[in-house]
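> Before I ask anything, here is the structure I am working with.
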Amino acid sequence: MNYSGEESTDTELLAGDREDFAQLFDKYARTIYRYAARRVGPDIAEDIVADTFMRAFENRHKFNTSATSALPWLYGIATNLLRRQHRNETRALKAFARNYADPLGSGQVATDDTAEASVSRLDASNTTAQLAQALAALPAKQRDVLLLYAWAELSYAEIATALDISIGTVRSRLNRTRAVLRAAHNEFSTAKSFVIAHGGFGG
Amino acid sequence: MNEQKLPPHIAESLAAFNTDVPEPSDKFLLRTRNKLTTAPVRRTSTLSRVVRWGAVTVTVGVVGAIAISLLPADPKNPIGARPASAAAILREAAENAHEVEPGTGSYVHIQYQDKTLIGVPINEDGTPLSNDRQSEYQQAKKLYYYDNVVGEQWISVNGIDDMTGQETLRHSPELFEGTLADLEKAGISPGPPVFTMVPIPNQGPARGMSIRQDDSEIPAGDPNHPSRLSPFMNPTSDKLASLPTEPAALGARIEDDLRQRNQPVTKINMLATVSRLFGVGGDALMSPELREALFLVVADIPGIERFDQVDLAGRKGIALGVEEDGLRQEIIIDPDKSKVLGQRLIVVGDNQTFPNGTVAHSSSFTANITTSQPNVD
């Protein structure tokens, strides 16, 4: 709160002292953490959050005061830090894809499932696996844009601010990711049709 | 804004993907918040602190001085914001090695700055021990003072054997103990910086002893001196190209090099060898593959730890080091640029002469390839 009793803006918090900045931390730390944890897991996410806010504090004078929210800027810092985890993230996604592609560990369908439930569950698992695989295959820059859009729910303009790129670049990167994801989905759909026609996912 | 949506089935899958993550713990949030409200702001020094360490012989100064370099530790220098482990930081530096392009030209231009505490062996009356009493140097009483050196080197890309290199030096003393009168009595002129320009390699035998007990000085007179033959001490493009780029093999090669130079194969010496290679111009000559392997070799040194974050000439670096026998050798790197910025040697634990935490040697440097050097008279 500022001295007039109104909620302080992010710009005011960034222009203030350490306690003001701590309020910004209170406001956004969990959000940044959740995003980072989805990408690289909770342990590394803690490092990312700590580093993001430390850097933000050191570079608070660089914040564009015409922006209404500091969140896209913080996402941008976090994304730069996450990029260093690109290989780890890719490895984790690939492992995720492997595990989800065979959720029972043997390729068999649980015996107490109805046939419909089994297919539905495996359908979901394989969609997730396919998605993980597609995400793993995306170049880091495209993955950043996609996940800021889909998980952080930033607008094109906010992504552009976060990553210091033009809106056109955001658009073109998202278009490319759409194409990749659509292809991955189509590939899975084709595979699923084949599997169903030939008697199940097992084996 | 014309924002195209993701196809619904993809958007749905993506929204549901990996949502099962825990909330941050209150303990973590509180700890991090406290750090933000209490940690000092990193200093952004404009002071140029480009220091060369262990480079080609520079035997300027006090004859027989013991080259113990000390910089006071900076307690205000906070732990850096990058929370990753030493090994993770080094792997990051290794990953970024391919962003660094080796240059082309005739000379490696090294800029450095050094602040070294020299122990001058003195008699009881404060006058310097004479040259003919060198055997007594080790046990003699000493007067310690800082020798600040700012210098530049132009070393042929063919190494110091090319004999066409040169070095400029600006020496200036600074009190560590005693008075200016004590310094003068010990034979050290407390006057303004002394500028000299010398050829590389310098003539004359190397003088002095280091608490590192290493062979960082290469005597000019012996073309077959092991340090002169070493790719780590006297690098050339060809020598570096002959080194293995698989980390385990490169580590073994460094160990061999230490043995050939009659140095013990210790953690400190392994780290010091890598640091020295960067400091004597190897940084400008090595391939990305070698650079990558060097950082991975350091990552594999047992006990390598991250210490703090430092700022050298506006260059932010992270100090990573190993402790051994009362000393900690540190290498200061910029993982983003895959660069070694400098090194430090710190006294740890009980030491009769220096307090725990004393930075016993500190240096930083930059190296670039140039096509020419200033004219030498």
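> Which residues, taken from the range A:43-63, are surrounded by fewer than 17 Cβ atoms within 10 Å (Cβ to Cβ) and within 18 Å of the chain's Cα centre (by Cα)?
Within the range A:43-63, A:ASP43 is the sole residue that qualifies.
> Before we move on, is B:LEU175 open to solvent by less than 40 Å² (accessible area, probe 1.4 Å), of a type in the set (A, V, I, L, M, F, W, C) and farther than 19 Å from B:ARG276 by Cα?
Numbers: open to solvent by less than 40 Å² (accessible area, probe 1.4 Å): no; of a type in the set (A, V, I, L, M, F, W, C): yes; farther than 19 Å from B:ARG276 by Cα: yes.
When the stated conditions are applied, B:LEU175 does not pass them.
> Does any residue of the range B:310-331 turn out to be out of contact with any strand residue (DSSP E or B) (no Cβ under 6 Å at 6 or more places or on another chain), open to solvent by 10 Å² or more (accessible area, probe 1.4 Å) and part of a helix (DSSP H, G or I)?
no
> May I pose another question? Taking the conditions exactly as written (assigned to a helix (DSSP H, G or I), outside the structural domain of A:THR128 (by TED's automatic domain parsing) and open to solvent by less than 30 Å² (accessible area, probe 1.4 Å)), does A:ARG39 satisfy them or not? Working first, answer last.
On the way: assigned to a helix (DSSP H, G or I): yes; outside the structural domain of A:THR128 (by TED's automatic domain parsing): yes; open to solvent by less than 30 Å² (accessible area, probe 1.4 Å): yes.
Criteria met by A:ARG39.
> Can you say whether A:GLU19 is open to solvent by 40 Å² or more (accessible area, probe 1.4 Å) and modelled with pLDDT under 85, as far as the supplied structure shows? Before the answer, list the steps.
Numbers: open to solvent by 40 Å² or more (accessible area, probe 1.4 Å): yes; modelled with pLDDT under 85: yes.
When the stated conditions are applied, A:GLU19 passes them.
> Take the conditions among the charged types (D, E, K, R), assigned to a helix (DSSP H, G or I) and at pLDDT 85 or above and apply them to A:LYS141. Does it pass?
Numbers: among the charged types (D, E, K, R): yes; assigned to a helix (DSSP H, G or I): yes; at pLDDT 85 or above: yes.
Answer is yes for this residue.
> Mind listing whichever residues of the range A:64-84 are outside any helix (DSSP H, G or I) and open to solvent by 40 Å² or more (accessible area, probe 1.4 Å)?
Start the filter on the range A:64-84 by keeping residues that are outside any helix (DSSP H, G or I), which leaves A:64-70, A:84.
Hits for the range A:64-84 are A:ASN64, A:THR65, A:SER66, A:THR68, A:ARG84.
> Out of (1) assigned to a helix (DSSP H, G or I); (2) more than 12 Å from every other protein chain (Cβ to nearest Cβ), the odd one out for A:ARG87 is which?
(2)
> Just for the range B:11-34: of the residues that are assigned to a loop (DSSP other than H, G, I, E, B) and polar (S, T, N, Q), which one is nearest to the other protein chains (Cβ to nearest Cβ)? First the steps, then the outcome.
Looking only at the range B:11-34, we keep the residues that are assigned to a loop (DSSP other than H, G, I, E, B), and these are B:17-25.
Restricting the remaining residues to those that are polar (S, T, N, Q) gives B:18-19, B:25.
Details: B:ASN18: 5, B:THR19: 7, B:SER25: 8 Å.
Taking the candidates together, the pick is B:ASN18.
> Which one is farthest from the other protein chains (Cβ to nearest Cβ), of the residues in the range A:12-55 that are small (Gly, Ala, Ser) and touching a helix residue (DSSP H, G or I) at 6+ places or on another chain (Cβ under 6 Å)? Write out each step before concluding.
Let us first name the residues in the range A:12-55 that are small (Gly, Ala, Ser), namely A:15-16, A:22, A:29, A:36-37, A:41, A:45, A:50.
Going one step further and asking which of them are touching a helix residue (DSSP H, G or I) at 6+ places or on another chain (Cβ under 6 Å), we end up with A:22, A:29, A:36-37, A:45, A:50.
Values: A:ALA22: 5, A:ALA29: 6, A:ALA36: 9, A:ALA37: 4, A:ALA45: 8, A:ALA50: 5 Å.
Only one residue fits best here, namely A:ALA36.
> It is to be established whether one or more residues within the range B:92-100 are small (Gly, Ala, Ser), within 13 Å of chain A (Cβ to nearest Cβ) and open to solvent by less than 50 Å² (accessible area, probe 1.4 Å). Talk me through it step by step, then tell me what you get.
Start the filter on the range B:92-100 by keeping residues that are small (Gly, Ala, Ser), which leaves B:93-94, B:97.
From the residues that got through so far, the ones that are within 13 Å of chain A (Cβ to nearest Cβ) too are B:93-94.
In the following step, the residues that additionally are open to solvent by less than 50 Å² (accessible area, probe 1.4 Å) were identified as B:93-94.
Yes: one or more hits.
> In this structure, does B:GLY126 turn out to be open to solvent by less than 30 Å² (accessible area, probe 1.4 Å), out of contact with any strand residue (DSSP E or B) (no Cβ under 6 Å at 6 or more places or on another chain) and more than 14 Å from every other protein chain (Cβ to nearest Cβ)? Give the steps one after another, and end with the answer.
Details: open to solvent by less than 30 Å² (accessible area, probe 1.4 Å): yes; out of contact with any strand residue (DSSP E or B) (no Cβ under 6 Å at 6 or more places or on another chain): yes; more than 14 Å from every other protein chain (Cβ to nearest Cβ): yes.
It is true that B:GLY126 is open to solvent by less than 30 Å² (accessible area, probe 1.4 Å), out of contact with any strand residue (DSSP E or B) (no Cβ under 6 Å at 6 or more places or on another chain) and more than 14 Å from every other protein chain (Cβ to nearest Cβ).
> Determine whether the range B:272-283 contains at least one residue that is surrounded by fewer than 18 Cβ atoms within 10 Å (Cβ to Cβ) and of a type outside the set (S, T, N, Q). Please lay out each step first, then the result.
Start the filter on the range B:272-283 by keeping residues that are surrounded by fewer than 18 Cβ atoms within 10 Å (Cβ to Cβ), which leaves none.
No, the range B:272-283 contains no residue that is surrounded by fewer than 18 Cβ atoms within 10 Å (Cβ to Cβ) and of a type outside the set (S, T, N, Q).
> Here is a further query. Kindly state which helices (runs of 4 or more DSSP H) lie completely within the range B:175-257 and contain at least 2 residues that are at pLDDT 85 or above.
In the range B:175-257, the matching helices (runs of 4 or more DSSP H) lie at B:180-185, B:237-241.
> Given the structure, is B:GLN352 of a type in the set (S, T, N, Q) and surrounded by 22 or more Cβ atoms within 10 Å (Cβ to Cβ)?
Values: of a type in the set (S, T, N, Q): yes; surrounded by 22 or more Cβ atoms within 10 Å (Cβ to Cβ): no.
Considered against the rule, which asks whether it is of a type in the set (S, T, N, Q) and surrounded by 22 or more Cβ atoms within 10 Å (Cβ to Cβ), B:GLN352 comes out as no.
> Just the residues that are within 11 Å of chain B (Cβ to nearest Cβ) and without any contact (Cβ under 8 Å) to a residue 60 or more places away in the chain, please, taken from the range A:142-167.
Going through the range A:142-167, the residues within 11 Å of chain B (Cβ to nearest Cβ) turn out to be A:146-147, A:149-151, A:153-160, A:167.
Result: A:LEU146, A:TYR149, A:ALA150, A:GLU153, A:SER155, A:TYR156, A:ALA157, A:ALA160, A:ILE167.
> When the range B:132-168 is examined, which residues are found to be open to solvent by 20 Å² or more (accessible area, probe 1.4 Å), closer than 25 Å to B:LEU180 by Cα and either modelled with pLDDT under 75 or under 25 Å from the mean Cα position of the chain (by Cα) (or both)?
Correct list: B:GLN134, B:TYR144, B:ASN148, B:VAL150.
> Please find, among A:ARG84, A:ARG38, A:ARG91, A:ARG98, the residue that is at pLDDT 90 or above and among the basic types (Lys, Arg).
On the way: A:ARG84 fails: at pLDDT 90 or above; A:ARG91 fails: at pLDDT 90 or above; A:ARG98 fails: at pLDDT 90 or above.
It is A:ARG38.
The values are calculated or read from the model by the stated rules, or taken from the named source; none is laboratory data. What you see is a predicted model; the values in this text were computed from it and never measured. Cβ sites come from the backbone with ideal geometry, for glycine too, and all protein chains shown count toward neighbours. Areas reflect the complete protein model, heavy atoms only, side chains present, ligands, DNA and RNA absent. Shrake-Rupley method; radii C 1.70, N 1.55, O 1.52, S 1.80 Å.
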